Amino acid sequence: MRDGILVINAGSSSIKFSLFLSNGDGKPLLSSKGQVEGINVAPHFIAQGPDGTVLSEQHWPADSDLNHEDLLKHLIDWVEDHLDGASLVAAGHRVVHGGPKYASPVLVNDSVLDELDGFVQLAPLHQPHNLAPIRALAKVHPGLMQVACFDTAFHTTNPKVATTFALPRQLTEEGVRRYGFHGLSYEFIARRIREIAPEVAAGKVVVCHLGSGASMCAIDGGKSVASTLGFTAVDGLPMGTRTGNLDPGVILYLLQQKGMSAKEIETLLYKRSGLLGVSGVSNDMRVLLESDDPHAAEAVELFCYRVNRELGSLAAAMGGLDALVFTAGIGEHSAPVRERVCAASAWLGISVDAAANDRHAELISADDSRIPVYVIPTNEEMMIAKHTRAVVRQLAEAAQ
Ligand code: AMP
């Protein structure tokens, strides 16, 4: 019997899904994907094939009163009608925070869910939305196994020195420390490097996950040893609308001198800053690269400058650099950004082949580059599907 795994990635107003069906040798293959968006506003459901062909689409009016649970029921009914003879064995969820405890994916039960609720205060903008569909799915499909896969898990191999803030010990012990995020993406890339360039996989690699959320990770011998995201997903690089790292004195200035409330500061840091804040034009790198506005050019320059600085910092954390990898929306598709970052990193012995970079080749470094530079598409959903399948298999084996 072929297995079906439903992958769910839920945010504040949307639930993205991917359905993976196992092929003959048991490997998960993407069968369909889609999302419900406009939740609590004017819901819209779309399902597409792997090539983007629209398989189903439905709009509901703004006054439709459909809640998370109703929409998830619609989604799961659609999925069950499109299993192509396979049986749905589990749902895998992206959960942003596994706290200090979870270093690997876990089968969700009531006590695990309670524990994950405890991490809401560490990621208030994401964690509640990640957990809501787990609860809703447990109601609409009570028999279905659910597995939580964490964005923090891949970074649990970071040494203590990389995760500690210079704060009084008691706060560190309470959990105020660096966790790192985008871990499912970095784990997928670490596995791909083992397939593409096994000699590099054993060495020191910096991966740049440059999307609307952006971060970088130092991976030594396949393990995360440092990353630019910290306690929350607003640290490190400037992002589409997030500041990235900021002198904490700026927060005090906003509170004490400008009289801003905590909520106003949160909105400023997460929604009004980054590429959007600096450019005043857009949070989308494509728009900025095409714009004639000097502030757009400044935003691009700042983004590339900060990537370059973090590259030096992460290489220093590992004591060397054997390869550089670009991934996610900007990393996979923006030749100008890669070109600028690599040009600024020439001192590390990095040199890019312009033609390979322009055609987004897998290997974009020049023959004489001391360090190979790769463009590797990430696939967090595939990583979740693989983890979920592994958890289901372990349980089945343990039950035998
Ligand atoms: P992600 O969050 O990984 O889906 O990345 C989304 C971001 O990638 C968008 O907001 C764009 O800024 C960026 N992006 C996508 N395609 C391109 C492109 N061809 N050139 C520059 N940036 C791009």
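The values are calculated or read from the model by the stated rules, or taken from the named source; none is laboratory data. Fair warning: this is a prediction, and the values are worked out from it, not measured in the lab. Here the Cβ is made from the backbone with ideal geometry for all residues, glycine too, and neighbour counts use every protein chain on show. Accessible surface is based on the protein model in full, side chains and every heavy atom, while ligands, DNA and RNA are left aside. Shrake-Rupley method; radii C 1.70, N 1.55, O 1.52, S 1.80 Å.
Of all the criteria given as (1) polar (S, T, N, Q); (2) part of a helix (DSSP H, G or I); (3) closer than 21 Å to Gly312 by Cα, the one not satisfied by Asn357 is (3).
So, in the stretch 337-353, exactly how many residues are open to solvent by 60 Å² or more (accessible area, probe 1.4 Å) and either in contact with a helix residue (DSSP H, G or I) (Cβ under 7 Å, 6 or more places away or on another chain) or within 10 Å of the ligand (Cβ to nearest atom) (or both)? Residues meeting the conditions: 2.
Listed here are the residues, each with its yes/no results for (1) of a type outside the set (S, T, N, Q); (2) crowded, with 18+ Cβ neighbours inside 10 Å; (3) under 18 Å from the mean Cα position of the chain (by Cα).
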residue: Ala132; (1), (2), (3): yes, yes, no
residue: Asp151; (1), (2), (3): yes, yes, yes
residue: Thr163; (1), (2), (3): no, yes, no
residue: Leu167; (1), (2), (3): yes, no, no
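Met260 falls short on exactly one of the conditions (1) open to solvent by 20 Å² or more (accessible area, probe 1.4 Å); (2) within 16 Å of the ligand (Cβ to nearest atom); (3) not polar (S, T, N, Q), and that condition is (2). Of all the listed residues (Thr232, Thr172, Thr157, Thr243), the sole one being out of contact with any His (no Cβ under 6 Å at 6 or more places or on another chain), among the β-branched types (Val, Ile, Thr), free of Cβ contacts under 8 Å to residues at least 24 places away in the same chain and more than 16 Å from the ligand (Cβ to nearest atom) is Thr172.
Filter the stretch 60-76 for residues that are more than 13 Å from Arg135 (Cβ to Cβ) and of a type in the set (Asp, Glu); which is least open to solvent (accessible area, probe 1.4 Å)? Selected residue: Asp70. Picking from residues in the stretch 280-294 that are in a helix (DSSP H, G or I) and within 16 Å of the ligand (Cβ to nearest atom), the one that is surrounded by the fewest Cβ atoms within 10 Å (Cβ to Cβ) is Glu290.
Among the residues of the stretch 360-379, the ones that are assigned to a loop (DSSP other than H, G, I, E, B), open to solvent by 70 Å² or more (accessible area, probe 1.4 Å) and more than 12 Å from the ligand (Cβ to nearest atom) come to 4 in all.
Looking at this structure, is Gly329 assigned to a helix (DSSP H, G or I) and open to solvent by 20 Å² or more (accessible area, probe 1.4 Å)?
Numbers: assigned to a helix (DSSP H, G or I): yes; open to solvent by 20 Å² or more (accessible area, probe 1.4 Å): yes.
Taking the combined requirement at face value, the residue satisfies it.
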